[in-house]
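Heads up, the thing below is written out as structure tokens.
The values are calculated or read from the model by the stated rules, or taken from the named source; none is laboratory data. Nothing here was measured: the structure is a model prediction, and the numbers come from that model. Heads up, the Cβs are rebuilt from the backbone with ideal geometry, glycines too, and the neighbour counts pull from every protein chain shown. Side chains included, ligands, DNA and RNA excluded: accessible areas come from the protein's heavy atoms. Shrake-Rupley method; radii C 1.70, N 1.55, O 1.52, S 1.80 Å.
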Amino acid sequence: MINVNTYHLNDELFNRKIESIPLKINLDEFIPLNANYDEKIQSINTKYPSKQSREYTLIANTTFFSTVRDFVYSNLPLLIESMIRDTNFSVKQIILNNPPDKVHQAFLDHKSQYSVNDIPRKSLVLSKESLIAVKNNLDKSINGQESVKKHILANLSKYLYSNTKSPLILAFIGPQGVGKTEMARVISDSLFEEGHLFREQMSMLTNAASQDYLFGSDTSSRSFSKNLLQRRSNVLLLDEFNLINPNFYGAFYQMFDEGKFVDGYYTIDLDKTIIICTGNYMSKKEMASHLGAPLYSRFDDICVFDKLSVTDYLNIAKLKLNDKIKNLKSEYQLKIDKNKILKEIQTIGEFSDVRSLDHVIDQLINKYLLELEHIL
């Protein structure tokens, strides 16, 4: 009986996990892919001459399953069994990362040879301290939008006060450039590794190729499910959800309801996952009308972002100006008069969005330095 352990990790994390295993062989090295059966056996016998007295672990990462053809999936247990027999290998265990559903089921179907242990991905563990960290980071990084911040904390608290595993489905709507994407980033950075927000641009899902991407066309192609498998954060940002082709709405029903995304190859568990969909809707009514009741009703909360005030833009400008000065060459950092630049921003007052403010700050910094060096 061989133990088969299946994981659901980002490949980089999985590789770290198996580093300490002393005797391991990758499955693509062990089974015949680009060589015939006899050649593969000869190759293994040459490379591992002392194998008879040792117990090996067979390893397969996510990329392995993209290199084999679909028909191999259901025959993989028998193929491994045959290779073990003909090479006289002693195999202690098999460790698979993100095996497709067919592979997992194939090992389950051979219970007399394999004992399958599925190790679920770690889900969010929310503590009072981590919720406070979200609050503090939102207050520090996001100007205005006080009502939205309260909604976020209230929604997240369900993972603090109850045992629910259902995903949290939020919509961030309002004008462009008012902090919707930044809000999602801060939430992710507060609860998971910084810089690992999962972001998918929904405006790209408009054509036939998008259908293949969403529902899985073949084992070697890019897909939404493969991207989900590689996520490092359980905060998913589905950006510009309002621009997705309505024909693809059905792909998200089960994901929003049950916390599972299913395509032709994978079933992705999304327990305790925070799914944030952004859209430039100006009201809940507009969003409901555009998405339709079946999809709209699946959102736990609709967070409506306000237009930023002059004071909000000035506060944002202070934060951005500090960051931009830090990125200047060291000899120019101390030459910038921040107050002078901020006065010019205050004179302008309102901006169309934060992106336009960002461009203006860049222009004012460059203009200030050019005037300082008598170029302008």
- Return yes when Ser82 is outside any loop (DSSP other than H, G, I, E, B), of a type in the set (Gly, Ala, Ser), under 15 Å from Ile2 (Cα atoms) and at pLDDT 90 or above and no when it is not. no
Among residues of the range 349-368 being closer than 12 Å to Lys324 by Cβ and either surrounded by fewer than 16 Cβ atoms within 10 Å (Cβ to Cβ) or not hydrophobic (A, V, I, L, M, F, W, C) (or both), the residue farthest from the chain's Cα centre (by Cα) is Tyr368
- Item | Test: residue in the range 71-83 that is exposed (fewer than 14 other Cβ atoms within 10 Å of the Cβ), free of Cβ contacts under 8 Å to residues at least 24 places away in the same chain and more than 26 Å from Tyr48 (Cβ to Cβ) | yes
Condition met for Ser352 (of a type in the set (S, T, N, Q), part of a loop (DSSP other than H, G, I, E, B) and out of contact with any Ser or Thr (no Cβ under 6 Å at 6 or more places or on another chain)): yes
| message | Being among the hydrophobic types (A, V, I, L, M, F, W, C), more than 28 Å from Glu12 (Cβ to Cβ) and out of contact with any strand residue (DSSP E or B) (no Cβ under 7 Å at 6 or more places or on another chain): is that true of Leu124 here? | response | no
When every residue in the range 19-39 that is open to solvent by less than 60 Å² (accessible area, probe 1.4 Å) and modelled with pLDDT of 80 or more is compared, the one nearest to Arg54 (Cα to Cα) is Leu23
Query raised in the report: Would it be correct to say that Asn155 is open to solvent by less than 40 Å² (accessible area, probe 1.4 Å), assigned to a helix (DSSP H, G or I), polar (S, T, N, Q) and in contact (Cβ under 8 Å) with a residue 24 or more places away in the chain?
Result: yes
Do we find a residue being open to solvent by 60 Å² or more (accessible area, probe 1.4 Å) and free of Cβ contacts under 8 Å to residues at least 12 places away in the same chain anywhere in the range 170-193? no
Those residues of the range 214-244 which are on the phi > 0 side of the Ramachandran plot and out of contact with any strand residue (DSSP E or B) (no Cβ under 8 Å at 6 or more places or on another chain) amount to Gly216
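Show me the helices (runs of 4 or more DSSP H) found entirely inside the range 242-341 where at least 3 residues are open to solvent by less than 80 Å² (accessible area, probe 1.4 Å) and not charged (D, E, K, R).
253-258, 284-291, 293-296, 310-326
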When Arg232 is run through (1) in contact (Cβ under 8 Å) with a residue 40 or more places away in the chain; (2) under 15 Å from the mean Cα position of the chain (by Cα); (3) more than 30 Å from Val103 (Cβ to Cβ), the failure sits at (3)
